[in-house]
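Reading through the structure tokens given below for one structure.
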Amino acid sequence: MDGDPRDPEAAAFAELVSAGPVEPRDAMPDAYRALLVRQIAQHAHSEIIGMQPEGQWISRAPSLRRKAILMAKVQDEAGHGLYLYAAAETLGVDRSELVDALHEGRQKYSSIFNYPTLTWADMGAIGWLVDGAAITNQVPLCRCSYGPYARAMVRICKEESFHQRQGFEILHTLMHGTPAQRAMAQDAVDRFWWPALMMFGPPDAESAHTAQSMAWGVKRFTNDELRQRFVDMTVPQADALGLTLPDPELRWNAERGHYDHGPIDVDELREVVAGRGPCNAERMAHKRGAHEAGAWVREAAAAYDAKHGAARAEAVVG
Ligand code: FAQ
């Protein structure tokens with residue numbers, strides 16, 4: 001079965017997509033399965049690698065309250081990774097295969113996590129802008145055509161929206177502080193604004209997967225549509241915070257009913273996605289190291305399962 005609408009199996013699948021949701025036992029084109037595995041795995045890897053930039057600030061948070069909140073946020077990201085690996089496994093792949101694919105560079109993670117976190121204000125900018133962009137992208141995924149992915153996204157979006165507010169609150173506090181604190185907040189936003197816009201992917205004209213993904217109801221909006229939605233949502237929030245967004249082309253367009261904004265730097269996005277961003281090597285080295293350090297936990301869990309699994313089987317037979 002392929003995507004040709006004249007093919008009766010493809011037509012039946014198109015009907016299933018519109019009646020939705022598609023569930024793991026339903027017949028589905030191989031290309032639909034592959035598209036979902038690619039996107040869900042990339043999403044899961046992003047949540048896991050995404051713990052690193054913020055994790056580096058847990059020991060340097062400015063108060064016990066901030067430390068507790070940041071720890072909870074980073075743990076939430078680990079949880080999101082786990083829901084997403086579980087959703088991918090319903091498509092017939094094993095989590096360990098996906099982790100190997102990441103470690104061997106055959107799968108990707110979001111470009112955003114290849115930028116360094118230089119000051120405490122970066123925790124505010126990440127929460128506000130990165131989680132804000134993530135929510136904008138992910139709320140429509142709660143209605144995507146594949147049931148297990150859509151259901152995982154519902155809980156993830158609830159948590160991301162708390163993350164976004166905590167980022168806003170960090171920046172709000174800094175913007176009501178000393179001139180040095182305000183400057184630190186502005187510097188963080190200057191550094192994270194364009195990378196946050198790149199999270200939505202290349203411009204539509206250069207997006208390889210959007211057309212097919214939308215035809216199958218995985219993506220419900222294009223990269224540029226979601227980027228625009230994020231800009232429209234964020235500009236008034238920046239005004240409320242007293243922060244300037246670093247885009248000289250940013251202005252309200254009454255005719256369109258949207259903010260005009262400058263283009264993302266496609267060359268920079270391409271470089272970072274290709275593994276040549278500021279922190280790609282560091283992030284992957286840390287990830288591989290953590291995986292190796294955790295080998296004994298996986299071995300112990302497997303040994304426990306083998307022992308108790310055998311005991312359970314005996315109890316059933318007995
Ligand atoms: N970074 O044809 P398109 C988070 C790749 S979670 C890296 O437009 P598509 C939570 C793309 O994969 C953030 N690669 O692709 C958090 C494709 O690769 P290929 C992650 C990118 O899939 C917050 C190629 O370029 N969110 O932040 C990027 O239709 C704070 C062509 O692109 C998700 O994964 C990029 N920015 O649209 C955690 C959401 N953009 O074919 C911790 C789900 C594009 O070579 C702290 N994913 N590529 O394998 C999606 O919605 C989509 O996959 C897009 C890309 C919109 C990202």
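The values are calculated or read from the model by the stated rules, or taken from the named source; none is laboratory data. Just so it is clear, the structure is predicted and the values come from calculations on it, not from any experiment. Virtual Cβ from ideal backbone geometry, glycine too; neighbours counted across all protein chains shown.
Regarding segment 147-154, can at least one residue be identified that is in contact with a helix residue (DSSP H, G or I) (Cβ under 6 Å, 6 or more places away or on another chain), more than 11 Å from the ligand (Cβ to nearest atom), under 17 Å from GLN56 (Cβ atoms) and modelled with pLDDT of 95 or more?
No, the conditions are met nowhere in segment 147-154.
Quick test for you: out of ALA290, ALA285, ALA240, ALA254, pick the one residue that is of a type in the set (Gly, Ala, Ser) and either touching a Cys at 6+ places or on another chain (Cβ under 9 Å) or within 16 Å of the ligand (Cβ to nearest atom) (or both).
ALA290
Take segment 200-217 and flag every residue that is more than 6 Å from the ligand (Cβ to nearest atom), within 18 Å of ALA133 (Cα to Cα) and touching a residue at least 60 places away in the same chain (Cβ under 8 Å).
Within segment 200-217, just PRO203 meets the criteria.
Which condition from (1) more than 22 Å from GLY201 (Cα to Cα); (2) part of a helix (DSSP H, G or I); (3) in contact with a helix residue (DSSP H, G or I) (Cβ under 6 Å, 6 or more places away or on another chain) is the one that LEU243 breaks?
With (1) more than 22 Å from GLY201 (Cα to Cα); (2) part of a helix (DSSP H, G or I); (3) in contact with a helix residue (DSSP H, G or I) (Cβ under 6 Å, 6 or more places away or on another chain) applied to LEU243, the lone miss is (2).
Within segment 15-28, which residues are within 16 Å of TYR149 (Cβ to Cβ) and assigned to a loop (DSSP other than H, G, I, E, B)?
Within segment 15-28, GLY20, PRO21, GLU23, PRO24, ARG25, ASP26, MET28 qualify.
Being of a type in the set (A, V, I, L, M), closer than 27 Å to SER213 by Cβ and surrounded by fewer than 17 Cβ atoms within 10 Å (Cβ to Cβ) narrows it down to one residue among ALA68, ALA34, ALA44, ALA72; which is it?
ALA34
Is it the case that some residue within segment 42-63 is in contact (Cβ under 8 Å) with a residue 40 or more places away in the chain, farther than 22 Å from PHE192 by Cβ and either assigned to a helix (DSSP H, G or I) or near the ligand (Cβ under 10 Å from one of its atoms) (or both)?
Within segment 42-63, one or more residues are in contact (Cβ under 8 Å) with a residue 40 or more places away in the chain, farther than 22 Å from PHE192 by Cβ and either assigned to a helix (DSSP H, G or I) or near the ligand (Cβ under 10 Å from one of its atoms) (or both).
Given the conditions (1) crowded, with 22+ Cβ neighbours inside 10 Å; (2) outside any loop (DSSP other than H, G, I, E, B); (3) within 13 Å of the ligand (Cβ to nearest atom); (4) in contact (Cβ under 8 Å) with a residue 60 or more places away in the chain, and given that ALA185 satisfies all but one, which numbered condition is not satisfied?
Against the list (1) crowded, with 22+ Cβ neighbours inside 10 Å; (2) outside any loop (DSSP other than H, G, I, E, B); (3) within 13 Å of the ligand (Cβ to nearest atom); (4) in contact (Cβ under 8 Å) with a residue 60 or more places away in the chain, ALA185 comes up short only on (3).
In the list VAL37, VAL17, VAL99, VAL93, which residue meets the criterion of being within 27 Å of VAL218 (Cβ to Cβ), modelled with pLDDT of 95 or more and over 19 Å from the mean Cα position of the chain (by Cα)?
Step by step, each of VAL37, VAL17, VAL99, VAL93 is checked, and only VAL93 is within 27 Å of VAL218 (Cβ to Cβ), modelled with pLDDT of 95 or more and over 19 Å from the mean Cα position of the chain (by Cα).
Taking GLN107, is it crowded, with 18+ Cβ neighbours inside 10 Å, assigned to a loop (DSSP other than H, G, I, E, B), within 11 Å of the ligand (Cβ to nearest atom) and in contact (Cβ under 8 Å) with a residue 24 or more places away in the chain?
It is true that GLN107 is crowded, with 18+ Cβ neighbours inside 10 Å, assigned to a loop (DSSP other than H, G, I, E, B), within 11 Å of the ligand (Cβ to nearest atom) and in contact (Cβ under 8 Å) with a residue 24 or more places away in the chain.
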